[in-house]
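Asker: Below you will find the structure I want to go over with you.
The values are calculated or read from the model by the stated rules, or taken from the named source; none is laboratory data. Just so we're clear, the structure is a prediction, and the values are computed from it rather than from any experiment. So basically every Cβ, Gly included, is an ideal-geometry build from the backbone, and we count neighbours across all protein chains shown. Keep in mind that these areas ignore ligands, DNA and RNA; they rest on the heavy atoms of the full protein, side chains included. Shrake-Rupley method; radii C 1.70, N 1.55, O 1.52, S 1.80 Å.
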Amino acid sequence: MKKSILLLLTLILSNVSFAQFTVPELPYSFEALEPNFDKETMQIHHDKHHDAYVTQLNKQVDANPALKNKTVEEICRNVSKYNTLTRNNAGGHFNHSLFWTILSPTSTLPSGLLMEDINKTFGSFDSFKTQFSDSAKTRFGSGWAWLIVDGKGKLKISSTPNQDNPLMDIVSVKGTPILGLDVWEHAYYLKYQNKRVDYIAAFWNIVNWNEVTRRYKEVKK
Ligand SMILES: [Fe+2]
């Protein structure tokens, strides 16, 4: 009797596959970013859209042993080796995971070296915001606007289509993103409909500059 239970348990466990990637919890509640980003959009964006990227990425991992035990960053950096589904869903997972962390219900400003380098590189903080907003506004269709640190340690603004990102070996402007803005309609349509410009303006009220500053320090180490 005991042997048959043990055999049954072994059979069950050998067929259980543990997901390599999971959707991270939001570091605040769905309604915390109101009135800038509304509760319903946040809930659908996190629980449905991000979840779908993770589910699809895990399916690619199950189908391709080369993806086993790779981090999402490693997959992005070598994305030219993989298929389009991997590119789109690894990008979707990485981009959204970063996005949730650089938002905050508490208003902050860049500090220390990041503020100094923003002023040096873009003229002023306001000028940086204008240039970044333009990059987000002019991204045709779906995609992202980024503030990145390039290979030479310089700050740069860039944008990518779909779920591509600056880590990927297939994009023209490469670097480590420290701030990203999702300009897919799923990020703003419920509240802002076609007014992407209003969504971008609202974004500036809820950027977690403490986290962006932390990420900048980390890259510059
Ligand atoms: Fe999104």
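Asker: Pairs only if they're at least six apart or on different chains, beta carbon under 7 angstrom, first in the stretch 140-154 and closer than 13 Å to Val173 by Cα and touching a residue at least 24 places away in the same chain (Cβ under 8 Å), second open to solvent by less than 10 Å² (accessible area, probe 1.4 Å) and aromatic (Phe, Trp, Tyr); list them, first residue then second.
Answerer: Ala145/Phe132; Leu147/Phe132; Val149/Tyr216
Asker: State whether the residues of the stretch 89-102 include one that is open to solvent by 10 Å² or more (accessible area, probe 1.4 Å), within 16 Å of the ligand (Cβ to nearest atom) and outside any helix (DSSP H, G or I).
Answerer: We begin by selecting, within the stretch 89-102, every residue open to solvent by 10 Å² or more (accessible area, probe 1.4 Å); these are 89, 93-94, 97, 101.
After this cut, where a residue has to be within 16 Å of the ligand (Cβ to nearest atom) as well, the list is 89, 93-94, 97, 101.
From what is left, the residues that are outside any helix (DSSP H, G or I) are none.
Looking for residues that are open to solvent by 10 Å² or more (accessible area, probe 1.4 Å), within 16 Å of the ligand (Cβ to nearest atom) and outside any helix (DSSP H, G or I), one finds none in the stretch 89-102, hence no.
Asker: Are any of the residues in the stretch 160-167 open to solvent by 30 Å² or more (accessible area, probe 1.4 Å) and either within 16 Å of the ligand (Cβ to nearest atom) or within 19 Å of the chain's Cα centre (by Cα) (or both)? Break it down into steps so the answer makes sense when it comes.
Answerer: First pass over the stretch 160-167, keeping only residues open to solvent by 30 Å² or more (accessible area, probe 1.4 Å): 161-162.
Okay, now just the ones that are also either within 16 Å of the ligand (Cβ to nearest atom) or within 19 Å of the chain's Cα centre (by Cα) (or both), so 161-162.
Taking every residue of the stretch 160-167 in turn, at least one turns out to be open to solvent by 30 Å² or more (accessible area, probe 1.4 Å) and either within 16 Å of the ligand (Cβ to nearest atom) or within 19 Å of the chain's Cα centre (by Cα) (or both).
For (1) open to solvent by less than 10 Å² (accessible area, probe 1.4 Å); (2) farther than 30 Å from Phe30 by Cβ, each residue gets a yes or a no:
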{"position": "Ser107", "(1), (2)": "no, no"}
{"position": "Gly141", "(1), (2)": "no, no"}
{"position": "Leu147", "(1), (2)": "yes, no"}
{"position": "Asp150", "(1), (2)": "no, yes"}
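Asker: Between a residue in the stretch 171-191 that is within 10 Å of the ligand (Cβ to nearest atom) and open to solvent by 10 Å² or more (accessible area, probe 1.4 Å) and any residue that is part of a loop (DSSP other than H, G, I, E, B) and of a type in the set (Asp, Glu), which pairs come within a Cβ distance under 9 Å, given they are 6 or more apart or on different chains?
Answerer: From the stretch 171-191, no pairs qualify.
Asker: Restricting to the stretch 26-42, what's the tally of residues that are out of contact with any helix residue (DSSP H, G or I) (no Cβ under 7 Å at 6 or more places or on another chain) and of a type outside the set (Asp, Glu)? Give the steps one after another, and end with the answer.
Answerer: Residues of the stretch 26-42 out of contact with any helix residue (DSSP H, G or I) (no Cβ under 7 Å at 6 or more places or on another chain): 28-29, 32, 34-35, 39, 42.
After this cut, where a residue has to be of a type outside the set (Asp, Glu) as well, the list is 28-29, 32, 35, 39, 42.
Residues that pass the stated criteria total 6.
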